[in-house]
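Engineer: Encoded as C-alpha cells, here's the structure I'll be asking about.
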Amino acid sequence: MMDLKKVAFGSLVVASLFFAGGELAQAETQTGTQQVLVSEQEKALAAGYTTEQFQAIMNQPTLVSEEAAPASTAQERIRPRSSSADDKRNAVVAEALKQKGIPFAWGGNTPATGFDSSGLIQYVYKTAVQINLPRSTVLQEKEGEEVSLSALKPGDLLFYGNRGQTYSVTIYIGNGQMVYSPEPGDVVKVTGMQYWKPSFARRMIKDTADPGTTPGEEEPEVSNAVYRIYNPNGGNHHFTLSKAEADNLIRLGWRNEGIGWITPTSGDSVYRVYNPNNGRHHYTVSAGEKDSLVKVGWEFEGIGWLSGGTVPVYRVYNPYAPATEDSHHYTTSKGERDSLVKVGWRNEGIGWYAEKAN
C-alpha cells in the first residue's frame, strides 16, 4: 500500500539514477509526488476541510495497527450489566471494530464510500445507538460532555488539535486503545492511544439514565429553580429561572440537563446579558462587567436571578473558544469544574452563591 503522506511531503526516497536520463526520471517522479499532494488537497477541500486541517492530517504520526485487547484484559471494557449506558457503550465499540479495514476517504461516512475520521464516528454512533452526530470534528467536539483523559470509558471520543480547529477524532475502546480512520492510503484500524496523545475527550453516552436528555421533554416546575439547558448544535449552555423559556428551548431541540441550582428569594442581583452576534448569554454579579459588555454591543436583559445562599456556583472560562463565542460555563459541581480545568479551562472562582445545589 502506498504511503500517500510520505509521498505528499517528499519523504519517499528516490534512488539516484546514474544512467543517461536519470535526472529527468527523478524530476518526473517529483512531479508525480506534487500531483498526488495537489489531488489529495483538492479532495479534502471539497469535503469541507481547511488547508490547515489537511496539513495537520498529512503530518500526523503513522501508527501501527494492533489487535483489539480481549474484554477480559481491558479494565475499562464494559461487561454486560443492566445499565442501558453500558449496553450502548458495548454497541459502539462492537460497531467500530466491524469497520476495521475500510479505506480512508475524504468526506466518507459509510463502509461503501470509505471513512474519514469524523465520518467513521458519525456512522458508528448512528448505526450502533441511533445518536445523530454532526459531520465534522469541529462540530462533534461540541457534543456530549467533557471528560478527563484519565477517566475515559469505551465509546468516548478523543479529539486532536485546538478546540474549534480539531482535525481528527478517534473512538476509545478501552485498554488504552482506540479505533480510527487515519489518512489517505490507510484503513480503519485499532491502535494504542499512548503513541498519539489526544488533545481532549468528549462523552456522548451519559453514565446514568437522565429523563431530561430527550428533546421535547419538559422540565418539571420547581420553585426558584435555575434550569440548565444545552444546545447540541451550538455547543453552549443556557441558564434561566423561567420554566416557560426552558420548555420552549427544549421543544426546539435543546437538551434538558435538569436543574442547575436553587436560587435564594433575596440577595444580590445576577445580571443577564445577551450577545446578538452569536446568540450567547453571559451572567455576572458585577455591574461593572455588565456595563462593559453593554458598551461593546451586548444587550442587557435584566436580572436573571439572585445570589445570597451558601452554595458556590463556579465560573470557568474556555480560552480555546472562538472569539465570536461566549466561553463561560457555570456549575455547582466541583467535579465538573475540575474536569474542565484539567483540559485547559480557566477557573475564574465563584460567580455567585445559590440556596441549594441541584
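Engineer: Could you list which residues have their amide H under 5 Å from that of Phe200, counting only those 5 or more apart in sequence or on another chain, with H placed in the peptide plane?
Structural biologist: When sequence neighbours closer than 5 places are left aside, the close amide H contacts are Phe159.
Engineer: Which of the peptides 335-348, 249-262 is most tightly packed, and how do the rest follow, judged by the mean count of other Cβ atoms within 10 Å per residue?
Structural biologist: Working: 335-348: 16.0, 249-262: 18.8.
With the highest mean Cβ count within 10 Å placed first, the list reads 249-262, 335-348.
Engineer: Lys356 label point, 7 Å along Cα→Cβ, cut-off 16 Å on backbone N: hits in the stretch 300-315?
Structural biologist: Only 308-312 pass the distance filter.
Engineer: Using r as the Cβ-Cβ distance of Val341 and Val187, and R0 as 25 Å, what FRET efficiency do you calculate, to the nearest 0.05? Write out the running numbers ahead of the final one.
Structural biologist: Values: r = 37 Å, r/R0 = 1.50.
It comes to 0.10.
Engineer: I'd like to compare 349-355, 36-42: which one has the highest average count of other Cβ atoms within 10 Å, and what's the full order after that? Walk me through the intermediate numbers first.
Structural biologist: Working: 349-355: 19.0, 36-42: 15.6.
With the highest mean Cβ count within 10 Å placed first, the list reads 349-355, 36-42.
Engineer: A further question follows. In debye, nearest 20, what is the charge dipole magnitude of the stretch 222-358 about its Cα centre with +1 on Lys and Arg Cβ and -1 on Asp and Glu Cβ, if you could check? All intermediate terms of the calculation are to be shown ahead of the outcome.
Structural biologist: Numbers: 14 positive and 14 negative charges, 54 e Å.
In debye, rounded to 20, the stretch 222-358 gives about 260.
Engineer: Please compute the modelled spin-label separation between Glu42 and Asp291, points set 7 Å along Cα→Cβ, answer in nm with one decimal.
Structural biologist: 6.0
Engineer: Please list, ordered by chain and number, the residues whose modelled amide H lies under 5 Å from the amide H of Arg346; skip anything fewer than 5 residues away on the same chain.
Structural biologist: Counting only residues 5 or more places away or on other chains, the set is Tyr317, Asn318.
Engineer: Could you calculate the contour length gain from Ala151 to Tyr320, that is, 0.36 nm times the residue separation minus the distance between their Cα atoms, to one decimal place in nm?
Structural biologist: On the way: separation 169, 0.36 × 169 = 60.84 nm, distance 2.17 nm.
My answer for the length gained is 58.7 nm.
Engineer: Output the peptides 112-118, 274-280, 168-174 sorted from most to least packed, where packing is the average of other Cβ atoms within 10 Å over each peptide's residues.
Structural biologist: Details: 112-118: 22.4, 274-280: 14.4, 168-174: 26.0.
Ranking the peptides 112-118, 274-280, 168-174 by packing returns 168-174, 112-118, 274-280.
Engineer: Same structure again: What is the magnitude of the charge dipole of the stretch 132-193 about its Cα centre, with +1 placed on the Cβ of each Lys and Arg, -1 on the Cβ of each Asp and Glu, and no other charges, expressed in debye to the nearest 20?
Structural biologist: Details: 5 positive and 7 negative charges, 8 e Å.
Dipole of the stretch 132-193, to the nearest 20 debye: 40 debye.
Engineer: Give the accessible surface of the stretch 136-203 per residue, rounded to a whole number of Å², with probe radius 1.4 Å and ligands, DNA and RNA excluded. Intermediate results must be reported in sequence, preceding the final value.
Structural biologist: Values: 1810 Å² over 68 residues.
Per residue, the stretch 136-203 has an accessible area of 27 Å².
Engineer: While we're here: Given charges of +1 on the Cβ of Lys and Arg and -1 on the Cβ of Asp and Glu, with all other atoms neutral, how large is the dipole of the stretch 274-353 about its Cα centre, in debye to the nearest 20? List each step's numbers first, then the result.
Structural biologist: Working: 8 positive and 9 negative charges, 47 e Å.
So the magnitude is around 220 debye.
Engineer: Could you give each residue of the stretch 273-289 its phi-based ³J(HN,Hα) in whole Hz, using Karplus coefficients 6.51, -1.76, 1.60 with θ = phi - 60°, and x for Gly or Pro?
Structural biologist: Residue by residue, the stretch 273-289 yields 10, 10, 9, x, 6, 10, x, 9, 10, 9, 10, 7, 8, 8, 5, x, 5 Hz.
Engineer: On to the next question. Name the residue farthest towards the positive end of the dipole of the stretch 78-198 from the options Ile173, Asn132, Gly144, assuming +1 on Cβ of Lys and Arg, -1 on Cβ of Asp and Glu, about the Cα centre.
Structural biologist: Ile173
Engineer: For the stretch 102-153, what class follows from the C-alpha gyration tensor (a ≥ b ≥ c being the square roots of its eigenvalues): rounded when a/c is under 1.5, otherwise prolate if a/b is larger than b/c, else oblate? Write out the running numbers ahead of the final one.
Structural biologist: On the way: a/c = 1.94, a/b = 1.80, b/c = 1.07.
It comes out prolate by the Cα gyration axes.
Engineer: Per residue, what accessible area does the stretch 227-353 have, given a 1.4 Å probe and all protein chains present, in Å²? Working shown, then result.
Structural biologist: Details: 5680 Å² over 127 residues.
Per residue, the stretch 227-353 has 45 Å² of solvent-accessible surface.
Engineer: Stretched out fully, how many nm does the piece from Asn278 to Tyr195 gain, at 0.36 nm a residue minus the Cα gap? Please list the in-between numbers first.
Structural biologist: Numbers: separation 83, 0.36 × 83 = 29.88 nm, distance 3.78 nm.
Between Asn278 and Tyr195, full extension yields an extra 26.1 nm.
Engineer: Could you check how much of the accessible area of the stretch 114-215 is carbon and sulfur, as a whole percent, using a 1.4 Å probe? Spell out each step's value before the answer.
Structural biologist: On the way: 1610 of 3210 Å².
Carbon and sulfur atoms account for 50 percent of the accessible area of the stretch 114-215.
Engineer: Follow-up. Which links in Lys243/Lys295; Lys88/Lys197; Lys98/Lys126; Lys88/Lys153; Lys126/Lys342 stretch past 19 Å when you go from one Cα to the other?
Structural biologist: Working: Lys243/Lys295 30 Å; Lys88/Lys197 25 Å; Lys98/Lys126 14 Å; Lys88/Lys153 12 Å; Lys126/Lys342 30 Å.
Correct reply: Lys243/Lys295; Lys88/Lys197; Lys126/Lys342.
Engineer: What is the stretch 238-358 by shape, rounded, prolate or oblate, if you read a ≥ b ≥ c off the alpha carbon gyration tensor as root eigenvalues and call it rounded for a/c under 1.5, prolate for a/b larger than b/c, and oblate otherwise?
Structural biologist: Because its axes are fairly even, with a/c under 1.5, the stretch 238-358 counts as rounded.
The values are calculated or read from the model by the stated rules, or taken from the named source; none is laboratory data. The structure displayed is predicted, hence computed values, not measured ones. Virtual Cβ from ideal backbone geometry, glycine too; neighbours counted across all protein chains shown. The area values use the complete protein model at the heavy-atom level, side chains included, leaving out ligands, DNA and RNA. Shrake-Rupley method; radii C 1.70, N 1.55, O 1.52, S 1.80 Å.
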